[in-house]
Amino acid sequence: MYQGMTSFEAAMQNVTAQVLDLLHDQTTQITQRKEELDKREAAFRVAVAQFEKEKDQMAELLQKGSDIVELNVGGRHFTTSRSTLCSRPNSKLEAMFSGRWKMPEDKTGKIFLDRDGKHFKLILEFLRNPDTSVKLPAHKTESFRSELEWYGLGDFINIGAVGGGGAGGKANLLGWTLDPEYNSNGVILSLADDNRRATLTGVGAAEVLGTKGFQTGTSSFKIKIIKTGTKDSTTLIGFCTKEFPRTLLYWGGNDRPQHGGTKLGPWKEEDVLEVNLALDSHYVSLKNTRSGEVSSMLVPPQGKEWFPYYQLSGSGCSILLME
């Protein structure tokens, strides 16, 4: 190759070839980089166009006064503001109502979500009052948490247990536990339906207590009389302390209540009895929702922990702790 050339000329030609190869490689890299930048620019232009489209959609929604949103969530109807629904940025719920999504509507024009309406009610209450926590019974926490994840709100909403640690709440969602301290000989007390249904067989009586106690605030529980048991049997409902000597605040189907109040009863099948305890105000009340009868009595000011209480009496007696 270098025949007839001086050594200097040969060296120069070799260097020139290397420079040309380097320039070729650099040109190839520059071309590839330009193609990459062109792709990024095209993607950016698409994103800008999408943003402008969403901005125009939002402007159109605002011009129509559509900050008010009507919803049909699993058959339950809600009216709220778009700003409330979009108050948690980067959530799925915010994206759904920001104008970026085309939402389905029912036949009346309401935005339709095929989700649990009861859970959505709690979610909406939180969005309106974000300083609160959502109170739920233990057996419903998981289903509610799954619903939060679907809306992309799992990191925003604090879920609290109902009635724990002496704070107020709805005791009716907690379930029964057997009372080992009181159980007549020859009776069998069984629990079913997540410990919410209690049934007595045999002649005698037995007690069930709520699984949570209360020391402050207000609490309540509601039971349905499934069967009253044998004739002239006495059933008791109210609150009690666990420690002995035990203090009872109760109404009996055939008895006057302790600590004052008026007699209610005898209970009938299908009666729904609601007991409300207001410890700060020192009173407890009972309402028969079927008959509308109400009775109340004072709570002894002793600072103890009170548990929902029911005494079943008579073979076949059965009650259901309601939500």
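A few points about this structure:
- Any chance GLY160 is more than 30 Å from TYR283 (Cβ to Cβ) and either modelled with pLDDT under 60 or surrounded by fewer than 16 Cβ atoms within 10 Å (Cβ to Cβ) (or both): no
- GLN258 being surrounded by 15 or more Cβ atoms within 10 Å (Cβ to Cβ), at pLDDT 75 or above and farther than 14 Å from PHE214 by Cβ: no
- Flag for GLY210 being under 13 Å from LEU321 (Cα atoms), at pLDDT below 80, open to solvent by less than 60 Å² (accessible area, probe 1.4 Å) and not charged (D, E, K, R): no
- Taking the numbered list (1) polar (S, T, N, Q); (2) more than 34 Å from the chain's Cα centre (by Cα); (3) at pLDDT below 75 in turn, ASN172 passes all entries but (2).
- Qualifying residues in the stretch 290-317 (those that are under 25 Å from THR177 (Cβ atoms) and among the small types (Gly, Ala, Ser)) - the one surrounded by the fewest Cβ atoms within 10 Å (Cβ to Cβ): GLY303
- Flag for PRO308 being farther than 14 Å from ILE226 by Cβ and in contact with a His (Cβ under 8 Å, 6 or more places away or on another chain): no
- Entry remark, the stretch 88-121: residues being in a helix (DSSP H, G or I) and open to solvent by less than 40 Å² (accessible area, probe 1.4 Å) number 7 in total.
- Condition check for LEU148: at pLDDT 85 or above, surrounded by 12 or more Cβ atoms within 10 Å (Cβ to Cβ) and over 30 Å from ALA49 (Cα atoms): yes
- Scope the stretch 289-323; condition among the aliphatic types (A, V, I, L, M), part of a strand (DSSP E or B) and farther than 29 Å from ASP193 by Cα; matching residues: MET297, LEU298
- Candidate set: the stretch 192-219, residues that are assigned to a loop (DSSP other than H, G, I, E, B) and hydroxyl-bearing (Ser, Thr, Tyr); chosen: the one nearest to GLU305 (Cα to Cα): THR216
The values are calculated or read from the model by the stated rules, or taken from the named source; none is laboratory data. Remember, it's a predicted structure, so these values are computed and weren't measured experimentally. No Cβ is skipped: glycine too gets one built from the backbone with ideal geometry, and neighbour counts run over all protein chains shown. Side chains are part of the model used for accessible areas, which takes the heavy atoms of the whole protein and leaves out ligands, DNA and RNA. Shrake-Rupley method; radii C 1.70, N 1.55, O 1.52, S 1.80 Å.
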